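The values are calculated or read from the model by the stated rules, or taken from the named source; none is laboratory data. Just so we're clear, the structure is a prediction, and the values are computed from it rather than from any experiment. Here Cβ is always computed from backbone atoms with ideal geometry, including for glycine, and neighbour counts include all displayed protein chains.
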Amino acid sequence: MSQRVRGAGLGPGPRAAAALNPDPQAFEVTCARLEVRPQDCLFIDDFAPNIVAAQEAGMHGYLFEDNARTIARIEAHLAGEPTVSP
């Protein structure tokens, strides 16, 4: 786990975020602690309700299907290509 994520209280420990996904507050807290805008984030999960909650919080969401497709989705996101819904 990166020091930035750990330092933002997003990993295990006493500063861990109180809300858990699919609660939209979990995504808002994560963005605030990492000092990023939701629209700049790509959230990947294998549970569709979590994707929907991330999208409702303003993030791009992608439903994990397999490694190859997920890597392609990350590359597309980093290249600024349009988001594909689950």
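Could you please let me know if Ile44 is crowded, with 16+ Cβ neighbours inside 10 Å, at pLDDT 90 or above and not in a helix (DSSP H, G or I)?
yes
Each row is one residue, and each column tells you yes or no for (1) modelled with pLDDT of 90 or more; (2) surrounded by 13 or more Cβ atoms within 10 Å (Cβ to Cβ); (3) part of a loop (DSSP other than H, G, I, E, B).
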residue	(1), (2), (3)
Pro22	no, yes, yes
Arg33	yes, yes, no
Gln39	yes, no, no
Pro49	yes, no, no
Tyr62	yes, yes, no
Thr70	yes, yes, no
Glu75	yes, no, no
Glu81	no, no, yes
Pro86	no, yes, yes
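Name the residue that is farthest from Gly80 (Cα to Cα), counting only residues in region 51-60 that are surrounded by 19 or more Cβ atoms within 10 Å (Cβ to Cβ) and of a type outside the set (Gly, Ala, Ser).
The residue in question is Ile51.
Every residue in region 41-84 that is at positive phi and in contact (Cβ under 8 Å) with a residue 12 or more places away in the chain, please.
Selection gives Gly58 alone.
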